[in-house]
1. Taking chain B as a Gaussian network, Cα atoms linked when under 10 Å apart, which of B:ARG14, B:ARG84, B:ARG148 shows the biggest mean-square fluctuation?
2. Of A:LYS34/A:LYS240; A:LYS250/A:LYS271; A:LYS2/B:LYS110; A:LYS92/B:LYS117; A:LYS276/B:LYS117, which sit over 28 Å apart, Cα to Cα?
3. Among the lysines, which fall within straight-line cross-link reach of B:LYS13, defined as a Cα-Cα distance under 30 Å, with same-chain neighbours fewer than 8 residues apart omitted?
4. Ranking request for peptides B:238-245, A:35-42: highest mean number of other beta-carbon atoms within 10 Å first, then the rest in descending order.
5. Return the lysines within reach of B:LYS50: Cα separation strictly under 24 angstrom, same-chain partners fewer than 8 residues apart disregarded; answer none if there are no such residues.
6. Taking beta carbons within 10 Å but only from partner chains, what does the mean come to for residues A:170-176?
7. Mind jotting down the distance between the C-alpha centroids of the range A:216-288 and the range A:30-88, whole Å?
8. Applying a 10 Å radius around every beta-carbon, put A:216-227, A:55-66 in order of their mean neighbour count, most first.
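Any read-out appearing in this document is the output of simple, stated calculations on the displayed coordinates, not a laboratory observation. Since the structure is predicted, the reported quantities are computational estimates derived from the model, not experimental observations. Cβ atoms come from the backbone with ideal geometry, glycine included; neighbour counts cover every protein chain shown.
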Amino acid sequence: MKRKVIDNVVAFILYLSSAIVLGILIWFIYTILKQGLSALSFNFIFGRPLEMEAGGGIGPELFNTFYILILSLIVTIPIGLGTGIYFAEYAKNGLGTRIIRLGVETLASLPSIVLGLFGMIVFVIGMKMGFSIIGGALTLSIINIPVIVSVTETAFKEVNPTYKEASLALGTTKWQMIYSIMLPCAFPKILNGINLAIGRAIGESAILIFTAGTNVSRSFPDFNILSTGETLSVHLWYVKAIGLIPDADKIAAGSAAVLILIILIINILMKVMSYKMQNKFFGKSKVI
Amino acid sequence: MQESLLSQRVINKRRTNISKVLDISMKYLLLAISLLTVIIIISIVYFVSKNGIKVFDDITVTGFFTSDYWAPDEGEFGILAFWRGTLILTILATFLGSLLGILCAIFISKLAPKGIKHLIKMAVDVFVGIPSVVYGFIGLTVFVPLVRKIFPQSSGFGILPAAVILSIMILPTIISISENSISSVDKAYEEASYALGATKIQTIFSVILPAALPGVISGVILAMARALGETMAVQMVIGNTPQVVNSLLEPTITLTTGIVMDMGSTEYGSTWSNALFMMATLLLVISIILILIVRTVQRRKINL
């Protein structure tokens, strides 16, 4: 009897803990949208920011966010995919592989501010890029490499080995097998990793303050990769923690709402894409 | 007829040669790409610590780490308040986050119906995507006023709101790694435990959890590394005052937020700037140590 009571109490605590986790998330999103949605307007989303007076927008910041995101992914994805494929298909368990793995793992939990300082020394000062979109994008690309590596490796290892054998038995080379069999099969899962990387790239700010800067270019849209590129996340932090504009609360709330909406939309889009691809390759029966 | 077949064979052979060359060159290309990561991490350590070490040209090592007097204008650089803030905040946040995260991981891997499991996993993915400045923004607009309301004599800024925010931020790391490790415990242990008459809860806590412990500990340590390095969210709620405090409700500072606050106003190469790089080096060293601990723990899979 006593055993049963304890069991039920513990089970209740476990249920409760998960309810709390879900509750926090729902409450978070609700709070942000409640504060921010009223601030959203055409002028706010596409307008230019103002330094001193109220009523500024976030147009250039939004543009820079996506520009830096795309540039950083162009660097991150090949490096991440390449390393992941190397780990899954070629690497033997020797000292060399262990060192590379240690490198990737260290990179994965590196404090982002440290990486920001590294980007500042190497790209901004060393290569004389100044606070720039390209400096920010290159530094940002480093932080996402480990995510893509680990997702790629896991996805490749989860592909049914008979596919591999069938391909090799038909006389393909190893690379042909990787490129035309493994990569398409693993891709829906890799897409989930890219999804995480996108979220991180959009939200990252500590890295970008000292590499992309806290100002936007005078012209908009400015595709020059050497112009300063404050992103939306940095802008949110800057107006709230340092800036001087009188309507900082409203700008910050609006920016937070826009960020959350972007993240949610991208999350849903990538999930749908991954699901569709999975169906295309494996049929409907497989669950994601 | 004969001739065309022959030329076809030559073409085929050439194709095979090309794909063989491609095959070998891809292998080395992939190896080169993987080595790139090692080069990046080595250069990060090199550049950051090279600048950091220079601070000891002007300041003594013991003075730097043990003095609580931080006044760059007077040439005084003691970082006791910074590392103490980081230490207390990290431990507190990891404790709170682990408590909730591990319980939630147990629930979704062993008790939750499939639908709820998917729901929580999806929620965890969304949690990962929320930018740290948005966490900071919520901290600033919700938690700080709340703390001020409960403790009217405090300003609301300090370690307490920072720890609460951080513990939520590290939840995804703890939940996903622990869940993974709990789910991968051999089913046979579980069944043996049931066969001996144990209840589900007894089985979870005395059989499954001990077997999954190395993975769970790895999750906690990785979460700790994340808490250690978090900057923006903490910066917005901790108050950023370089003072040693004995209360969770007084404004203080951490290593990461100190760097963010001061870096903009220093000249590259000055003692002040070098002091900030030394703080970054310290963070770098601690996070590398944490990774090494994780690797040791993971290698020690329990053999029952």
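1. B:ARG14
2. Violating the 28 Å limit, Cα to Cα: A:LYS250/A:LYS271; A:LYS92/B:LYS117.
3. Hits, sequence-local ones excluded: A:LYS164, A:LYS174, B:LYS27.
4. Highest mean packing first, the order is B:238-245, A:35-42.
5. The qualifying lysines are A:LYS128.
6. 4
7. Cα centroid of the range A:30-88 versus Cα centroid of the range A:216-288: 4 Å apart.
8. A:55-66, A:216-227
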